[in-house]
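Single-structure report; data block below.
The values are calculated or read from the model by the stated rules, or taken from the named source; none is laboratory data. This structure is a prediction, so every number in the text was calculated from the model and none was measured. FYI the Cβ positions are ideal-geometry reconstructions off the backbone, even for glycines, and counts take in every protein chain you see.
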Amino acid sequence: MKIQNNGFGKEDKIEFPVNFDLKVIMLSVDDPSVSIADLELLLIQLKIPFKNWRHKASGKGSYTSFTVNVDIETKILLDKLYLELRTVPGVKMAL
């Protein structure tokens, strides 16, 4: 993702299309593949290409972070993605 700070707290605009690693923090479940399936379903519905899933449990095991590489074509699609991620069960934060 191409965001640069200009030194005055104002960020430059993102140039689309953009490819970046989406990180989603979720409540941990016994089988991480269940959470990945929920996230994949959303990405497929939004027709967002994705690859290279990774996941890691937090120190206490309460949360799991999921990272996936995505290709986003427009700002509208990026905004829709973050809005829809709020509806996925167990999602606490997305970066």
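Which condition breaks for Lys47 when tested against (1) in a loop (DSSP other than H, G, I, E, B); (2) in contact with a Ser or Thr (Cβ under 6 Å, 6 or more places away or on another chain); (3) free of Cβ contacts under 8 Å to residues at least 40 places away in the same chain?
Here Lys47 meets the rest and fails (2).
Could you grab me the full set of residues in the range 1-27 that are modelled with pLDDT of 85 or more and not in a strand (DSSP E or B)?
Listed by number, the residues that qualify are Ile14, Glu15, Phe16, Pro17.
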